[in-house]
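The values are calculated or read from the model by the stated rules, or taken from the named source; none is laboratory data. Everything numeric in this text was worked out from a predicted model, so none of it was measured. Cβ placement follows ideal geometry from the backbone for every residue including glycine, while neighbour counts extend to all protein chains displayed.
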Amino acid sequence: VRTEDGGRAWIDVSPPELAYGVQDCGAQATVRAAEASTAWVGYINAYYDPSDPSCFQVPVSDLWKTEDGGSTWRLGSFVQRNRDTIGGSAIDGSGFPLLEFVDRQYGWAWRAFFLGASSSGNEFYQTIDGGQTWRLFPEAYLFGVTGMDFLDLKHGWVSTRHVFAYPPSLGQTHNGGSTWEFSEVRLPGDPANFNKCGLRSPSMS
């Protein structure tokens, strides 16, 4: 939904939901807006029923974009993983990547995915054409990201949650996301409760 009067009234500007199964299992929209007229939306499978295999973390790659405030939407796609190279059983853990854009053209995306046997991987991308194509930054090494915010094309921040031996932290980049420097955030309680601690999305704008 979209508001044009500070929240007093809201208008439904939803893009279509596609037939990859989430409408039968329950769908949740992930939204990122760069300005009043430009936004991107992806749908996440929001329901899991062990008795229904068709509702098991459906991978989502569809990426909708609007440049007129939601009146019309154009369908694109996010990067598809090659399942044949990783055992054929990988499922995107988040269903859809975490997105950040500074304008209509420049943006970043972080995605976690399940590899099986209690292992997972992470990928960090950049786009310079509004999400039509994405460049992978294999050297970024971002784990457990909970939020992301970029001030401009070079300077950005990520917040993280506890992942294995890594406590919550705040990461900063000065080169558009190629490399990151992390500062550990002091935990408020017993270190034994690391897995219950995490940071939320930074907001530097």
Practice problem: Being surrounded by 14 or more Cβ atoms within 10 Å (Cβ to Cβ) and of a type in the set (A, V, I, L, M, F, W, C) is the filter; apply it to the range 164-201 and report the residue that is modelled with the lowest pLDDT. | Solution: 194
Practice problem: Return the residue satisfying two criteria in turn: it lies in the range 116-163 and is of a type in the set (D, E, K, R) and modelled with pLDDT of 80 or more, and of such residues it is surrounded by the most Cβ atoms within 10 Å (Cβ to Cβ). | Solution: 123
